[in-house]
Amino acid sequence: MILTKINDRYITYVGYTNNIKKRLSLHNNSKGAKFTKGKFWKLIFKKKYKTKKMAMRDEYKLKKNRIKRNNIKKKFILNNENINTFTL
């Protein structure tokens, strides 16, 4: 899960990858998913899976579960002292 700040709102994006550094770089250079273009993203949650099928299943669940996404987001924001520097 990655996070960005737009107009004092925090927005998350959930996706699957087998190369986190490359995928985050693509998102931050406007070459990732259309939704992520033109924004600076920070990795806030990752989980490793044995199979792609298992990862895709949990990705789908996390995308649909706003409560869980918000809990992860709030936990990150509360624990990050430098959140004010998290802007474009």
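FYI, it's all coordinate maths here, none of it is from the lab. Keep in mind that this is a model prediction, so the values were computed, not measured.
For the range 27-36, backbone phi angles converted through the Karplus equation (6.51, -1.76, 1.60; θ = phi - 60°) give residue-by-residue couplings of 4, 6, 10, 6, 10, x, 4, 4, 4, 8 Hz, Gly and Pro being listed as x. Using a ≥ b ≥ c from the Cα gyration tensor of the chain (square roots of the eigenvalues), is it rounded, prolate or oblate, where a/c under 1.5 gives rounded and otherwise the larger of a/b and b/c decides, a/b for prolate? Taking the square roots of the gyration eigenvalues as a ≥ b ≥ c, the chain is oblate. If the cut-off is a Cα-Cα distance under 21 Å, which lysines reach K75, setting aside same-chain residues fewer than 8 apart in sequence? Answer for K75, where 21 Å is the Cα cut-off: K5, K42, K46, K47, K48, K61, K63, K64, listed by chain and number.
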